[in-house]
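Some notes on the structure that comes next.
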């Protein structure tokens with residue numbers, strides 16, 4: 001049927017077809033208006049409604065580089081190199097000329113004080129000492145004889161004195177008795193002087209006899225020995241010691257400290273060292289002395305000066321030996337369980353010696369603080385006041401766009417100042 005109608009329509013004249021099409025279009029528009037559907041032409045001519053503006057994106061949070069104040073130990077030290085040397089020793093020299101007869105000790109032997117070490121046969125013949133002793137015996141006999149003659153002469157002079165008082169003797173007899181007594185007394189004095197002189201000679205001979213045996217001046221260990229049997233020695237100008245005895249229970253560390261560090265050292269400071277012979281082992285002592293003149297070969301012609309600093313260490317097992325090298329640490333200052341902060345966050349101190357930092361709290365709020373610093377090294381600093389354990393300190397300047405809080409009352413002291421005053 002539709003095909004027949006289409007066939008009939010196609011056979012209509014052109015004017016009739018145009019009228020029919022207009023009629024159909026008008027009908028469609030009417031139906032669309034009844035249904036509430038906008039027409040195509042209306043949609044095309046109606047302007048589009050403007051889109052709602054999008055909300056601006058939130059900026060990303062500023063990254064804050066912080067360090068946390070934590071507790072720990074801190075030590076300010078001065079490093080130096082040094083050598084171990086003997087602390088107490090004694091060199092033994094010959095005290096009499098002669099020939100070494102016997103050496104009953106060897107290097108490494110432990111000796112006691114006054115122990116015989118070397119026997120020397122003196123150059124002076126022992127017969128001279130025997131002659132002196134014999135002469136002493138003769139002089140003592142002569143002295144006894146002269147004293148007896150003196151007693152007799154004094155008795156005669158006393159008798160002549162009594163007789164003269166009675167006018168019963170001649171003047172010549174009286175004078176003869178007086179002279180005999182005086183002469184006997186003079187001979188006694190002369191023999192007594194000879195005896196005293198000979199006693200001094202015998203004392204020297206006895207001392208020389210004792211010097212033929214060389215004894216240990218101190219207790220210790222024989223660390224060097226130059227004497228040998230048959231060797232001729234002299235006491236006038238000894239070239240070298242016969243031996244050296246050292247007490248190895250203590251050792252001395254001689255450290256070379258640069259001139260820019262030695263001014264910070266004081267007697268009594270703690271000192272420690274290690275030596276390559278015993279890896280991982282430490283020895284400690286107390287600083288004893290700073291030699292006030294530069295070490296040999298330093299400080300001349302613009303060279304840096306080094307000073308020798310001495311301290312002792314215990315060596316009960318004789319593990320340490322003279323000449324060993326030492327890596328030394330002198331403790332200038334130290335603190336245990338102290339509040340520490342990396343030294344990199346501290347700038348230069350103000351006129352009061354305080355340091356300005358910025359503290360970041362859990363809400364990312366930044367507040368300024370003033371810190372009082374104690375022990376400080378190249379890596380860490382001890383905080384005495386101004387921070388608490390766990391506080392976070394900003395590294396570097398405050399990022400742009402983040403302002404520090406302004407105190408509500410400019411005349412009020414900040415809490416940090418109050419904390420510092422309380423600490424002081």
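Worth a mention:
- The listed residues are 148, 153, and the only one of them that is farther than 30 Å from residue 206 by Cβ and surrounded by 14 or more Cβ atoms within 10 Å (Cβ to Cβ) turns out to be 153.
- Matching residues in region 119-146 - criterion: being more than 14 Å from residue 199 (Cα to Cα) and either at pLDDT 80 or above or in a strand (DSSP E or B) (or both): 119, 120, 121, 122, 141, 142, 143, 144, 145, 146
- If you check 326, 381, 363 for being in a strand (DSSP E or B) and not assigned by TED's automatic domain parsing to the domain that holds residue 252, only one passes: 381.
- Scanning region 288-323 for residues that are surrounded by 14 or more Cβ atoms within 10 Å (Cβ to Cβ) and not in a strand (DSSP E or B) yields 295, 298, 299, 305, 315, 319, 320, 321, 322.
- Residues satisfying the stated conditions in region 270-282, i.e. touching a residue at least 60 places away in the same chain (Cβ under 8 Å) and within 12 Å of residue 312 (Cα to Cα): 270, 271, 273
- Residue 227 vs. criteria surrounded by 15 or more Cβ atoms within 10 Å (Cβ to Cβ) and in contact with a helix residue (DSSP H, G or I) (Cβ under 9 Å, 6 or more places away or on another chain): no
- Identity of the residue in region 346-360, outside any strand (DSSP E or B) and surrounded by fewer than 17 Cβ atoms within 10 Å (Cβ to Cβ), that ends up modelled with the lowest pLDDT: 347
- Residue match in region 239-252 (condition: crowded, with 18+ Cβ neighbours inside 10 Å, over 24 Å from residue 323 (Cα atoms) and in contact with a strand residue (DSSP E or B) (Cβ under 9 Å, 6 or more places away or on another chain)): no
- Residues located in region 67-84, provided they are surrounded by 15 or more Cβ atoms within 10 Å (Cβ to Cβ) and either touching a helix residue (DSSP H, G or I) at 6+ places or on another chain (Cβ under 6 Å) or assigned to a strand (DSSP E or B) (or both): 67, 74, 75, 76, 77, 78, 80, 82, 83, 84
The values are calculated or read from the model by the stated rules, or taken from the named source; none is laboratory data. All values derive from a computational prediction rather than experimental measurement. All Cβ positions, glycine included, derive from the backbone under ideal geometry; neighbour counts span all protein chains shown.
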